[in-house]
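Reviewing the structure listed below.
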Amino acid sequence: MKKAILIKYGELSTKKDNINFFLTRLKSNILEALKGIDARVEYDLGRMFIYTDDFGKVLDKVKNIFGIHEINICYIIDSIDIDIVFKQVLGLVEEKEFKTFKVESKRSNKEIEYTSVGLSKMLGGYLLKNIPNIKVDVKNPELLINVEYRKNEVLVYSDKIKGLGGYPVGTLGKGILMLSGGIDSPVAGYLAIKRGVKIEAIYFEAPPHTSIEAKNKVISLARKLAKYNGEVVLHVVNFTEIQEEIYKNIPHEYLITIMRRMMYRISAIIAGRRNAKIIVNGESIGQVASQTLTSMSAINEVVKIPVIRPVACFDKLDIISIAKEIDTYETSILPYEDCCTIFVPKHPVINPLKGKCIEYETKIAYEDMIYKAVKNHEIIKVKEKEENIYGDLL
């Protein structure tokens, strides 16, 4: 009898003709996460198995991998003979302490003459006969025994760990996350990763108006996301010249609108160079002046690339709840200002006019400044635990 970690696919099992593409990527992501750990991964269309002697380390890693619905410690019986299977299950169950139990059987091997319900009743009766002082409880058992009868083997497992679900990272392409130091954008990044998007991140700094602490805060947030995404490539763009020109030449009620339009333009250029298909950000409808529907429309029009807003319809408390769950909240509330919180006007326009935006932008030579900001921007490859790696400029 072999012991393994059993991976259940959940949503991936609905992919039918494309399932091999998703499973191949899931296996690749698992192997990448398990680098340095002695482990072997095998799979078929129904289940994936990880064979290892270091179950603790492997479980710590796979519980943070998207595309996994459920994780179980599984025992594999190399026989479908009922007598052999029942004796093996008895040996496993006798090691546990429980008073009530339930057997759930699944029979993918239709050559076995008994139904799934029949197999459960037979095994349940066998256990009752051989283990004293136990009884069946079909509603709330202390021990749930899952038995899967496959072609040439039987899987037995009880305890389960809930997986993160979603799609394997990278199956749906790449996106550029506009990562500020706030609460919302890391959550937006996490939700995009969950849907199979491999993210890179872009951060706009404006020294000396923004501090090195603010930059380090964003690097820390990128490191939190690397836990799920793998390495996060962070693009750090110096926004000082552009922001100062906007402040000096644009009517103050339009400062935020024009600033966001510039950020979108830069993000779209870097997305194109990095083969990213979408921009991802943490905008939530109505939360601030630049996030009204009119503002979003006026800002969005400067780019053709799709802009995805995973938390657009979330309540702020819901966003905070997810931030706490993924351990970004305490970092996000550190009191270091970023580009979006400096030079904030007292009365920002809530319903900006697109014509006004175009008119005001003629007052600054923004194309040259954008080219310079993109050309000289810094690239940092952020890993979950390792030192940051500083890359070449684009």
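All conditions in (1) of a type in the set (A, V, I, L, M); (2) surrounded by fewer than 17 Cβ atoms within 10 Å (Cβ to Cβ); (3) in contact (Cβ under 8 Å) with a residue 24 or more places away in the chain hold for VAL302, with the sole exception of (2).
Within the stretch 92-115, residues that are over 15 Å from GLU148 (Cα atoms) sit with their Cβ atoms under 7 Å from residues that are polar (S, T, N, Q) and loosely packed, with under 13 Cβ neighbours inside 10 Å, at 6+ positions apart or across chains, in these pairs: LYS99/ASN133. Could you please find all residues in the stretch 252-280 being more than 32 Å from the chain's Cα centre (by Cα) and over 20 Å from GLU301 (Cα atoms)? HIS252, the sole residue that qualifies. Any residue at all in the stretch 190-209 that is at pLDDT 95 or above, at positive phi and not in a strand (DSSP E or B)? Yes, the stretch 190-209 has at least one match. For SER284, are the conditions met, namely being closer than 16 Å to TYR203 by Cα, within 22 Å of the chain's Cα centre (by Cα) and in the same structural domain as ASN238 (by TED's automatic domain parsing)? Answer is no for this residue. Residue under question is PRO335, and the condition is that it be in a loop (DSSP other than H, G, I, E, B), in the same structural domain as GLY189 (by TED's automatic domain parsing), surrounded by 13 or more Cβ atoms within 10 Å (Cβ to Cβ) and not aliphatic (A, V, I, L, M); does it hold? So PRO335 does not fit the description; no. Counting only residues that are in contact with a strand residue (DSSP E or B) (Cβ under 7 Å, 6 or more places away or on another chain) and either assigned to a loop (DSSP other than H, G, I, E, B) or among the hydrophobic types (A, V, I, L, M, F, W, C) (or both), the stretch 215-232 holds 7 of them. In the stretch 130-141, the residues that are at positive phi and in the same structural domain as PHE101 (by TED's automatic domain parsing) form Cβ pairs under 7 Å with partners that are in a loop (DSSP other than H, G, I, E, B) and not acidic (Asp, Glu), at six or more places apart or across chains, as follows: ASN133/LYS99.
Only one entry of GLU361, GLU378 meets the criterion of being over 34 Å from the mean Cα position of the chain (by Cα) and of a type in the set (Asp, Glu), and that entry is GLU361.
Out of the residues in the stretch 11-26 meeting the condition of being under 16 Å from the mean Cα position of the chain (by Cα) and of a type outside the set (A, V, I, L, M, F, W, C), tell me which one is farthest from SER158 (Cα to Cα). Per the criteria, the residue is ARG25.
When each of MET48, MET1 is tested for being buried (at least 19 other Cβ atoms within 10 Å of the Cβ), closer than 29 Å to GLU111 by Cβ and not aromatic (Phe, Trp, Tyr), the lone residue that passes is MET48.
Of all residues in the stretch 271-290, none that is assigned to a strand (DSSP E or B) has its Cβ atom under 7 Å from the Cβ atom of a residue that is at pLDDT below 95 and of a type in the set (Ser, Thr, Tyr), 6 or more apart or on another chain.
For residues that are polar (S, T, N, Q) and in a loop (DSSP other than H, G, I, E, B), tally how many sit in the stretch 291-310.
Qualifying residue count for the region: 1.
For residues in the stretch 58-81 being assigned to a strand (DSSP E or B) and within 23 Å of the chain's Cα centre (by Cα), which is nearest to ILE112 (Cα to Cα)? Once the filter is applied, the top-ranked residue is ASN72. Condition test on LYS151, is it within 22 Å of LYS61 (Cα to Cα), charged (D, E, K, R) and either in contact with an Asp or Glu (Cβ under 9 Å, 6 or more places away or on another chain) or not in a strand (DSSP E or B) (or both)? Spelling it out, it is not the case that LYS151 is within 22 Å of LYS61 (Cα to Cα), charged (D, E, K, R) and either in contact with an Asp or Glu (Cβ under 9 Å, 6 or more places away or on another chain) or not in a strand (DSSP E or B) (or both). Checking each residue in the stretch 151-173 for being surrounded by 13 or more Cβ atoms within 10 Å (Cβ to Cβ) and either of a type in the set (A, V, I, L, M) or over 32 Å from the mean Cα position of the chain (by Cα) (or both) picks out GLU153, VAL154, LEU155, VAL156, ILE161, LEU164, VAL169, LEU172.
If you check ILE193, ILE202, ILE212 for being over 13 Å from the mean Cα position of the chain (by Cα) and crowded, with 20+ Cβ neighbours inside 10 Å, only one passes: ILE202.
Conditions tested, residue by residue: (1) at pLDDT below 95; (2) under 33 Å from the mean Cα position of the chain (by Cα); (3) of a type outside the set (S, T, N, Q); (4) part of a helix (DSSP H, G or I).
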site	(1), (2), (3), (4)
PHE86	no, no, yes, yes
LEU90	no, no, yes, yes
LYS96	yes, no, yes, no
ASN109	yes, no, no, no
MET122	no, no, yes, yes
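Selection of the stretch 9-57 for residues being farther than 19 Å from GLU148 by Cβ, in a loop (DSSP other than H, G, I, E, B) and without any contact (Cβ under 8 Å) to a residue 12 or more places away in the chain yields LYS35, GLY36.
The values are calculated or read from the model by the stated rules, or taken from the named source; none is laboratory data. Values in this document were obtained by computation on a predicted structure and should not be read as measured data. So basically every Cβ, Gly included, is an ideal-geometry build from the backbone, and we count neighbours across all protein chains shown.
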